[in-house]
Amino acid sequence: MTRDIVHVAIQKAPSYDTGLCEQLKTALTDSGFMDLLRASPSRVLVKPNLIHAALPDMARTTHPAVVESVVNVLQEEGHEVILADSYSGARLWNESGLRSVYRKTGMDAVAERTGCRLNWDTRWSIREIPSGSVIKRVEMMNVVDEVDWIVNIPKLKTHVYTGFTAAVKNMFGLVPGHFKVSYHARFADAQTFACALSDIALSFPVRLTVVDAIMAMEGNGPTGGTPRHVGAVFMGDDMLAVDTVAARICGYDPGVFHWLPSRSIEINGLKPESLLPGALRRPDSHKQGMGVFSNSFIRSLGQRILRDVFAPVPTADITQCVQCGDCVNACPTSAMIQYDKHAAPKVLKDRCIRCYCCHEACQHTALIIDPPRFARWFA
């Protein structure tokens, strides 16, 4: 049952240094969300954003200091904590890949300091979603069945495909890496894809979401953008409300995302408008061409016909490309082709569905999302 008023708490957190755990506790207590964590001792899954093996200061992944603070709070309440995520679908999801991601993102150090458990189980099963609006079943990591509930800890980032990423999109990480690619092929329209992500996220027992917005990412996220200091964490027990606030911080009118319901949201603590002198810089794909498709009339004419004119096709920057092949592996429609292992890949425009999985998978910022000339003129 939908509540008439939902709450989101925003707490100032200038840095990842000492004091973050106390700032988090203050926000949880003042907002009343601490009561959600004071259940009988449970097994809790902590779900950060670990998109790939990136250092914390790159702002591509949830910072280990935020994860450690949440883990400490949960352990103080007597809960057993399991830390889990699956990385980008560009690479095989296995123990070796997990080891690399945990090490580089700092999660192995969090586990060592706190005693929480890292997930190594790469098995999966099918989860039914009877209430889903566009999707009725999803592949999920088996570790979900081991826990009583979940604390979601996304990183606030703008996103070249969905506009921004926070609470809902972070839960897509519980879909095993190699399966993620198929969802982009099935739901080629960005708004429909976001609705599918919402169906998936809301099927999980998420009790609380805590967003790492101390250092966010702006521009061509989720991996090719620029870190920007926001200096806050924000939280809520309703992922759609949390994402509504995230959209505002990223400079969007939440109404353009039809998967975000119109809600009455009460903000505890700071106001979103007070966090930045200006909103986060939008992705290049949303500054101009992609924004056209937020208009329902334009969409009704046929996005697939118009996208060649308006939606940018990724291109490889040969000065940055290391020919690793991750973008080729991530493409759900085989539109990214590497004809020579020593050459940068090429995009077959007629196959490209503009999901930007390739851009997300690239660890070397080698893929450019540049709106076509006509789209720039039209905008």
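Where does the charge balance sit around His63 when Lys and Arg score +1, Asp and Glu -1, over other residues with C-beta under 12 Å from its C-beta? Present the calculation step by step, with values, prior to reporting the outcome.
Numbers: positive: Arg60, Lys155; negative: Asp17, Asp57, Glu68, Asp212.
Spelling it out: positives minus negatives among the neighbours equals -2.
Test of understanding: given the chain, find the longest segment containing no chymotrypsin sites (Phe, Trp or Tyr not before Pro) that are in a DSSP loop and have at most 15 other Cβ atoms within 10 Å.
Excluding the exposed sites themselves, the longest stretch runs over 121-338.
Relative to the Cα centre, what is the charge dipole magnitude of region 140-204, using +1 at the beta carbon of each Lys and Arg, -1 at the beta carbon of each Asp and Glu, and rounding to the nearest 20 debye? Mind dumping the intermediate values first?
Details: 5 positive and 5 negative charges, 72 e Å.
Using Cβ point charges on Lys, Arg, Asp and Glu, region 140-204 gives about 340 debye.
Would you work out the charge dipole size for the chain about its Cα centre, treating the Cβ of every Lys and Arg as +1 and the Cβ of every Asp and Glu as -1, and quote it to the nearest 20 debye? Walk me through the intermediate numbers first.
On the way: 40 positive and 38 negative charges, 249 e Å.
Once rounded to the nearest 20, the dipole reads 1200 debye.
With a/c under 1.5 counting as rounded, go ahead and sort the chain into rounded, prolate or oblate using the C-alpha gyration tensor (a ≥ b ≥ c being the square roots of the eigenvalues; past the cut-off, prolate if a/b is larger than b/c, else oblate). Walk me through the intermediate numbers first.
Values: a/c = 1.58, a/b = 1.34, b/c = 1.18.
Note, shape of the chain comes out prolate.
Return the FRET efficiency for the residue pair Phe179, Glu266: r is the Cβ-Cβ distance, R0 is 30 Å, and the value is rounded to the nearest 0.05.
After rounding to 0.05, the efficiency reads 0.20.
Sorting Arg91, Arg113, Arg354 on the 10 Å Cβ count, fewest up front, what's the list? Before the final figure, lay out the partial values.
Values: Arg91 22, Arg113 12, Arg354 25.
Ascending number of Cβ neighbours within 10 Å: Arg113, Arg91, Arg354.
Taking the chain as a whole, which cysteines find no other cysteine Cβ under 4.7 angstrom from their Cβ?
Here Cys21, Cys116, Cys195, Cys250, Cys321, Cys324, Cys331, Cys352, Cys355, Cys357, Cys362 come out as lacking a disulfide-compatible partner, given the Cβ-Cβ threshold of under 4.7 Å.
Write down the percent of antiparallel bridges among all DSSP beta bridges whose residues are both part of the chain, to the nearest 5.
So the antiparallel bridges amount to about 55 percent of the total.
Would you mind counting up the charge near His7? Only other residues with Cβ under 13 Å from its Cβ, with Lys and Arg at +1 and Asp and Glu at -1.
-4
Quick one: Cα centre-to-centre distance for region 2-18 and region 188-267, in angstrom?
So the separation of the two Cα centres works out to 13 Å.
With a cut-off of at most 16 other beta carbons within 10 Å, and DSSP calling the residue loop, which GluC sites (Glu not before Pro) in region 1-100 qualify? Please list them.
Glu77
Give me the distance in nm between label points sitting 7 Å out from Cα along the Cα-to-Cβ direction at Ile126 and Glu22, one decimal.
So the two model labels end up 5.2 nm from each other.
At 7 Å along Cα-to-Cβ for each site, give me the label-to-label distance between Asp189 and Asp340 in nm.
Taking the two extended label points, one gets 4.2 nm.
Find which of Phe187, Gly78, Gly231 sits farthest along the positive direction of the dipole of the chain, computed with +1 on the beta-carbon of Lys and Arg, -1 on that of Asp and Glu, about the Cα centre.
Phe187
What are the residues whose amide H is under 5 Å from the amide H of Glu139, where those residues sit 5 or more places off or on another chain and H is modelled from the backbone?
Arg127
What is the magnitude of the charge dipole of region 110-156 about its Cα centre, with +1 placed on the Cβ of each Lys and Arg, -1 on the Cβ of each Asp and Glu, and no other charges, expressed in debye to the nearest 20? Spell out each step's value before the answer.
On the way: 7 positive and 7 negative charges, 39 e Å.
With Lys and Arg at +1 and Asp and Glu at -1, about 180 debye.
Please give the contour-minus-distance gain from Asp148 to Asp30: 0.36 nm per residue of separation, less the Cα-Cα distance, rounded to one decimal in nm.
Between Asp148 and Asp30, full extension yields an extra 40.0 nm.
Based on DSSP H runs of at least 4 residues, each adding -39500 (n - 2.57), what is the mean residue ellipticity at 222 nm of the chain after dividing by all its residues, to the nearest 500 deg cm²/dmol?
Calculated at 222 nm, the ellipticity per residue is -9000 deg cm²/dmol.
We did not get these values from a lab; they are worked out from the coordinates using the rules stated. If you're wondering where the values come from, they're calculated on a predicted model, not measured in any experiment. Cβ atoms come from the backbone with ideal geometry, glycine included; neighbour counts cover every protein chain shown.
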